[in-house]
């Protein structure tokens, strides 16, 4: 798997396919206790409150995790 920045999205190549992942889509899917209720698995925030001009500040791939940080200060890891 290879991850690259491209036009404020992540370009992920996996098994000879390329996927463009938008920052808002990635931000909505960050796991963690601060984003999801442990018992109900519902978001603890309103997804429509995410700024549509959100940008990716940094992203690295490490140990099968995508470590990502956004310009609104939110960061996390996605499997």
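Worth a mention:
- Alpha-carbon centroids, the range 39-79 and the range 1-26: separation in whole Å: 14 Å
- Take every Cα pair under 8 Å whose residues are at least 6 apart in sequence, average their separation, divide by the length of the chain, and the relative contact order is 22 percent.
- A convex hull fitted to the Cα coordinates of the range 37-79 yields 86 cubic angstrom per residue.
- Correct choice for Rg and Dmax of the Cα atoms in Å that was computed from the model, options (i) 12.9, 37; (ii) 15.8, 56; (iii) 15.1, 45: (i)
- Per-residue Cβ neighbour rank within 10 angstrom, fewest leading, 50, 38: 38, 50
- Neighbour-count order for 70, 5, 36, fewest beta carbons within 10 angstrom listed first: 5, 36, 70
- Neighbour counts of C-beta atoms inside 10 Å place 58, 49, 9, 77 in the sequence 49, 58, 77, 9, starting with the fewest.
Just so you know, all these numbers are worked out from the coordinates, no wet-lab data involved. Note that the structure is predicted; figures quoted are calculated from it, not measured. Backbone-built Cβ (ideal geometry, glycine too); neighbour counts: all protein chains shown.
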